[in-house]
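Taking it in order: structure first as structure tokens, then the write-up.
The values are calculated or read from the model by the stated rules, or taken from the named source; none is laboratory data. Keep in mind that this is a model prediction, so the values were computed, not measured. Using ideal geometry, Cβ is built from the backbone for each residue, glycine included, and neighbour counts are taken over all protein chains shown.
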Amino acid sequence: MPGEGSSDSTAAGLAVPSHVEPSASDVRLVIAASSAGTIFEWYDFFIYGTLAGIIGKTFFPSGNATLETLLVWAGFAVGFGFRPLGAVLFGYLGDKLGRKYTFLVTVTLMGIATAGVGLIPSATSIGLAAPIIVILLRVLQGLALGGEYGGAAIYVAEHSPPERRGYFTSFIQASVVGGFVLSLIVVLTCKALMSETLWNEWGWRVPFILSIALLGISLWMRLKLSESPVFKAMQEQGELAGNPFVESFTYPGNKKRIFIALFGIAAGLTVIWYTAMFSALSFLKGAMRVEDTLAEVIIGTGAFVGMIFFLIVGKLSDRIGRKRPIVVGYLLTLVLLFPLYWVMGNAANPALAAAAERAPVVVSGPDCSYSLFAAEQKTPCAKLLADLTATGISYSVKAAPELSATVGGQPLPLPSYAWADKTGRAAQLQGWLADAGYDFAKVRPSAGQIAVILACILAMMALSGMTYGPVAALLTEMFPARIRYSSMSIPYHLGTGYFGGFLPLIATSIAALAGNPYAGLWYTWIVVAVAFVVAMWGLKGGAPRDFADDAA
């Protein structure tokens, strides 16, 4: 590799024979093709989350808006839940057969599975088969993504000169954001070209079906690539791992490295990223009632501009090391997470924030525990809480022998509540709350308010860039080359798959049960706090360096 001597007989680091050093043009092609493929593959994965509202109504209809949202996020989590299995499978193939052909397989699988979601008939047409097929396709997407990230990150890292590895691999990190931005661009473009009726009937399927075209472009670019020079060197020297999965847990010091990579790196960075993007989008469109298209434009703009932080920090890590920006990013997240969301909420819908402060909702009564996954609640208090949760209004609950509710200290006439009519209850409750000053119409913040929201999004993107930008280089340097694909993919996808993939479901559940749209942020805060402690303890400080057994 450029700048690395002649050979490395142990294949522990990144050194390769000098005659296979890639040229500058080769490196540019590697970065472009790998990044483009990563953008397309994450587009495929994120389009599901971007269209969560329509997917819930189409494939998970229940008559309970909160339940539909939770079922969509459960389907989202299923895809993430299978990422570790994909990491094991494709990590094994990547270490045995090569980096290039493995991520050709993953991008193909992802493109086909995503297009399939756009072709499934609705639940009203084929019943229970619709959500089952959706979940199965999400499983395939999760398997594919489990092999994609490690392959692309390692492929770029193993073509990069050591002194620029953080910068070059940061393009892969930024490409993850690029996939999210592309999903929003495609959705907004399709919505602009269609009537609202057409979009809701079948137009929303177009972004999914477009995956076939993106798959073709990605395959064309990646087929032009050659195999990683590090892998070819190991192949020539007969140093490929016999069983990469087993060796990942038997190689000296690797269990500790995997623990640090899982709890100190992957878990922390991924919850910050999803809180900055998906949670923020759901927060604006749901609890803050910002017009859907406007919310998508704001988040998309913030994500697009915020990608620069990933590149800046990746490049910076080549000079100051990988640990420092990550732990500083964690610490700043712990300090700023709640304030940034409070500022964003007040800017997005100041009237709603003022109403919640002026006229707080308090529910008192017995049997007030309710099930998030029930289509209809069993007790009157649970029904009232479910109805309040569906409005997105903050409320508090107190135990009492008899059911009552107040808004700004004024009691609601619950004896007249339409207990048996769910639709009627929702309209009646919103009427009472509207009389108390709550506005349930979608809002369009002013230019100044949008600027404040965007500033909050960019601040969260900066925090994400600090923790995410250097990570591909860091994980590549943490593990020996012979088992690198498996060793870095397993903890990365366990962390991102379970801590990150389940974030929307867990955070939404916490917020619903607490009656507070900000309560779900505690999940992010706690995971980041754990990651900070593990990273401080386990990550090596100082300048970047290649893997060496004595650095374990």
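Quick notes on this one:
The rows are residues; the columns are (1) farther than 24 Å from Ser487 by Cα; (2) buried (at least 19 other Cβ atoms within 10 Å of the Cβ); (3) small (Gly, Ala, Ser); (4) outside the structural domain of Gly216 (by TED's automatic domain parsing).
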residue	(1), (2), (3), (4)
Phe90	no, yes, no, no
Leu93	no, yes, no, no
Leu104	no, no, no, no
Thr124	yes, no, no, no
Leu128	yes, no, no, no
Pro131	yes, yes, no, no
Leu136	yes, no, no, no
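- Of everything in region 413-447 that is more than 38 Å from the chain's Cα centre (by Cα) and among the aliphatic types (A, V, I, L, M), the residue that is farthest from Pro350 (Cα to Cα) is Ala420.
- Residue within region 495-516 that is at positive phi and in contact with a helix residue (DSSP H, G or I) (Cβ under 7 Å, 6 or more places away or on another chain) present: yes
- Filtered residue count, region 448-481, keeping only those that are more than 29 Å from Ile154 (Cα to Cα), within 24 Å of the chain's Cα centre (by Cα) and in contact (Cβ under 8 Å) with a residue 40 or more places away in the chain: 6
Residue by residue, here is whether (1) free of Cβ contacts under 8 Å to residues at least 24 places away in the same chain; (2) within 21 Å of the chain's Cα centre (by Cα) holds:
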{"residue": "Ala303", "(1), (2)": "no, yes"}
{"residue": "Val313", "(1), (2)": "no, yes"}
{"residue": "Gly321", "(1), (2)": "no, no"}
{"residue": "Leu337", "(1), (2)": "no, yes"}
{"residue": "Asn346", "(1), (2)": "yes, no"}
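- Restricted to region 280-362, the set of helices (runs of 4 or more DSSP H) holding at least 1 residues that are of a type outside the set (Phe, Trp, Tyr) and modelled with pLDDT under 90 comprises 280-285, 292-320, 350-358.
- Filter pass, Leu140 being without any contact (Cβ under 8 Å) to a residue 60 or more places away in the chain and either over 26 Å from the mean Cα position of the chain (by Cα) or on the phi > 0 side of the Ramachandran plot (or both): no
- Among the residues of region 98-137, those that are aliphatic (A, V, I, L, M), touching a helix residue (DSSP H, G or I) at 6+ places or on another chain (Cβ under 7 Å) and free of Cβ contacts under 8 Å to residues at least 40 places away in the same chain comprise Leu109, Leu137.
Yes/no per residue for (1) of a type outside the set (Gly, Ala, Ser); (2) over 22 Å from the mean Cα position of the chain (by Cα); (3) in a loop (DSSP other than H, G, I, E, B); (4) closer than 19 Å to Leu372 by Cβ:
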{"position": "Trp522", "(1), (2), (3), (4)": "yes, no, no, yes"}
{"position": "Ala529", "(1), (2), (3), (4)": "no, no, no, no"}
{"position": "Phe532", "(1), (2), (3), (4)": "yes, no, no, no"}
{"position": "Ala535", "(1), (2), (3), (4)": "no, no, no, no"}
{"position": "Gly542", "(1), (2), (3), (4)": "no, yes, yes, no"}
{"position": "Arg545", "(1), (2), (3), (4)": "yes, yes, yes, no"}
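- Positions within region 343-370 being of a type outside the set (A, V, I, L, M) and farther than 15 Å from Leu388 by Cβ, in sequence order: Gly345, Asn346, Asn349, Pro350, Glu357, Arg358, Pro366, Asp367
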